[in-house]
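Asks: Sharing a structure, written as structure tokens. Questions coming.
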Amino acid sequence: MKTILDDPRKYIEAANAQAAKKPGGICGDYITEERTAEATTVIVADGIGTGIKAHVAAVMCASRLMELIRVGFTLREACHKIVDTMHAARTTDIPFSAFSACRVLVSGHATVISYEIPSPILINNRLAAYLPKQRVFPMGLEMVGEVNCMLEYGDGIVMVSDGVSQAGLGQQYRMGWGIQGACDFVNSLLVQGTQMKDIPGRIVANVRDISGTTYGDDTTCSLLLCREAQVLNILTGPPARKSSDAKVVKEFTEMKGAKIVCGSSTAEIVARNLGVPIEMKSMSNAYHKPPSYDIKGVDYATEGAITLNQVYNILGEAPEKLESDSSVSDLYRFFHASDTINFLVGTAANPGHEHIVFRQMGVYPRDVIVRLLAEKLKSMGKLVNIIYL
């Protein structure tokens, strides 16, 4: 079971801020992001013009670029195909969009490829520095810029559309605010102790101020912040072979991050192999309050399939709606507080889960509900891994 899941992970958190040129209008910029076990990719696209036509151009550009990366193209290969299309758009009626694509590996190595858009800003909690393009080279019949850097914990990359760099053009700034002006502004925020997550919103607000209480163009700012991932490991269900119990429990308890056991049988296996007692923590006759247990060596233990099903049903609800003394609520909070969730799913047959009562109540078997939870958690921006035992 020793996999890349056990390695320290650098987690990339995105914080974005946008404003349309016209109040209440459609922003012609678009941001998309995707996180995998290998890398986090964020794309900022700036459609030509403003309004719905520009928005469509930006969405088409960013979505196609992300899909090319998703199916296996390298960042450069994917950008090359998009740039070829943009070159054709100069002389045809194809929607045109500038873009900046940043891909950060779990090691922290970041690559940013920019086309017709300002270069990024490197930032940490003490200093911001404009990153001039280290390489400017032809990609087909167009020119692109590339920046490479290594992100450590607390570092970040700021990407902006030209609504930021051209703010105040012909007004306070003859040539516009410029990316260096934005960088100096970030440095002033850091001196004031501004939280890094608030920086995109502060930049967009300042663009409005220096442009005369309005926006000269659609404005976008995206911050990619590198920090240590909050990891959650969930062991649910007995392994397929009973002889693997001790090995699975040992490796589970050695994994980095919070550890949760879901399932009464699984809890018994863990307690037995750790040589500690299992104690009932809470017990209720109510179906919506599955029992929870205390096991020394794990952070939390509760019922299995029933609890996971109920958490799935409320995962998108507001936290103030939760009951305070419920294992379902507790598991909900663990999920929301985590960046990376590793499911370790035992595949031993459980005849009880085939009982017609479970079907009547709409309770999915363990393997099904884990897959459904994984999809919902991914849609929330979490990195989810499933290992079958």
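The values are calculated or read from the model by the stated rules, or taken from the named source; none is laboratory data. Computed from a prediction, not measured in an experiment: that's the story for all the values here. When we count neighbours, we look across all protein chains shown, and the Cβ atoms used for this are built from the backbone with ideal geometry, even at glycine.
Asks: Of all residues in the range 132-156, which are in a loop (DSSP other than H, G, I, E, B) and either basic (Lys, Arg) or surrounded by fewer than 20 Cβ atoms within 10 Å (Cβ to Cβ) (or both)?
Replies: We begin by selecting, within the range 132-156, every residue in a loop (DSSP other than H, G, I, E, B); these are 132-134, 140-141, 151-155.
Result: 132, 133, 134, 140, 141, 152, 153, 154.
Asks: Something else now. So for the range 326-345 (the condition being farther than 30 Å from residue 106 by Cβ, among the aromatic types (Phe, Trp, Tyr) and surrounded by fewer than 20 Cβ atoms within 10 Å (Cβ to Cβ)), does at least one residue qualify? Spell out how you get there, then give the answer.
Replies: Going through the range 326-345, the residues farther than 30 Å from residue 106 by Cβ turn out to be 326-329.
Now drop any that are not among the aromatic types (Phe, Trp, Tyr), which leaves none.
No, the range 326-345 contains no residue that is farther than 30 Å from residue 106 by Cβ, among the aromatic types (Phe, Trp, Tyr) and surrounded by fewer than 20 Cβ atoms within 10 Å (Cβ to Cβ).
Asks: Residue check: is residue 66 under 21 Å from the mean Cα position of the chain (by Cα), among the aliphatic types (A, V, I, L, M) and outside any loop (DSSP other than H, G, I, E, B)?
Replies: Working: under 21 Å from the mean Cα position of the chain (by Cα): yes; among the aliphatic types (A, V, I, L, M): yes; outside any loop (DSSP other than H, G, I, E, B): yes.
When the stated conditions are applied, residue 66 passes them.
Asks: Okay, moving on. Which one of the conditions (1) under 30 Å from residue 209 (Cα atoms); (2) at pLDDT 95 or above; (3) surrounded by fewer than 21 Cβ atoms within 10 Å (Cβ to Cβ); (4) charged (D, E, K, R) does residue 81 fail to meet, given that it meets all the rest?
Replies: (1)
Asks: Shifting gears a bit: Part of a helix (DSSP H, G or I) and within 28 Å of residue 340 (Cβ to Cβ): is that true of residue 60 in this structure?
Replies: Working: part of a helix (DSSP H, G or I): yes; within 28 Å of residue 340 (Cβ to Cβ): no.
Criteria not met by residue 60.
Rundown of residues vs (1) within 25 Å of residue 186 (Cβ to Cβ); (2) in a loop (DSSP other than H, G, I, E, B); (3) assigned by TED's automatic domain parsing to the domain that holds residue 151, yes/no style:
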site	(1), (2), (3)
84	no, no, yes
88	no, no, yes
93	no, yes, yes
98	yes, no, yes
104	yes, no, yes
112	yes, no, yes
118	yes, yes, yes
122	yes, no, yes
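Asks: Which condition breaks for residue 126 when tested against (1) in a helix (DSSP H, G or I); (2) surrounded by fewer than 22 Cβ atoms within 10 Å (Cβ to Cβ)?
Replies: Failed condition: (1).
Asks: In addition: Which condition number in (1) at pLDDT 90 or above; (2) in contact with a strand residue (DSSP E or B) (Cβ under 6 Å, 6 or more places away or on another chain); (3) under 30 Å from residue 243 (Cβ atoms) is the one that residue 377 fails?
Replies: If we test residue 377 against (1) at pLDDT 90 or above; (2) in contact with a strand residue (DSSP E or B) (Cβ under 6 Å, 6 or more places away or on another chain); (3) under 30 Å from residue 243 (Cβ atoms), just (3) comes out false.
Asks: Could you please tell me which pairs satisfy a Cβ distance under 8 Å, a separation of 6+ or placement on different chains, a first residue in the range 371-382 that is part of a helix (DSSP H, G or I), and a second residue that is surrounded by 14 or more Cβ atoms within 10 Å (Cβ to Cβ) and of a type in the set (S, T, N, Q)?
Replies: Nothing qualifies.
Asks: Considering every residue within the range 38-48, establish whether at least one is at pLDDT below 95, within 18 Å of the chain's Cα centre (by Cα) and assigned to a loop (DSSP other than H, G, I, E, B).
Replies: Yes, the range 38-48 contains a residue that is at pLDDT below 95, within 18 Å of the chain's Cα centre (by Cα) and assigned to a loop (DSSP other than H, G, I, E, B).
Asks: Out of the residues in the range 84-113 that are under 23 Å from residue 180 (Cα atoms) and without any contact (Cβ under 8 Å) to a residue 40 or more places away in the chain, state the one that is surrounded by the fewest Cβ atoms within 10 Å (Cβ to Cβ).
Replies: 111
Asks: What single numbered condition from (1) modelled with pLDDT of 95 or more; (2) surrounded by fewer than 17 Cβ atoms within 10 Å (Cβ to Cβ) fails to hold for residue 208?
Replies: Tallying (1) modelled with pLDDT of 95 or more; (2) surrounded by fewer than 17 Cβ atoms within 10 Å (Cβ to Cβ), residue 208 fails exactly one: (1).
Asks: Now a separate question. Restricting to the range 191-201, count the residues that are at pLDDT 95 or above and crowded, with 18+ Cβ neighbours inside 10 Å.
Replies: 2
Asks: Right, here's the next one. From 219, 253, which residue is of a type outside the set (D, E, K, R) and surrounded by 22 or more Cβ atoms within 10 Å (Cβ to Cβ)?
Replies: Values: 253 fails: surrounded by 22 or more Cβ atoms within 10 Å (Cβ to Cβ).
Result: 219 is the single residue among 219, 253 that is of a type outside the set (D, E, K, R) and surrounded by 22 or more Cβ atoms within 10 Å (Cβ to Cβ).
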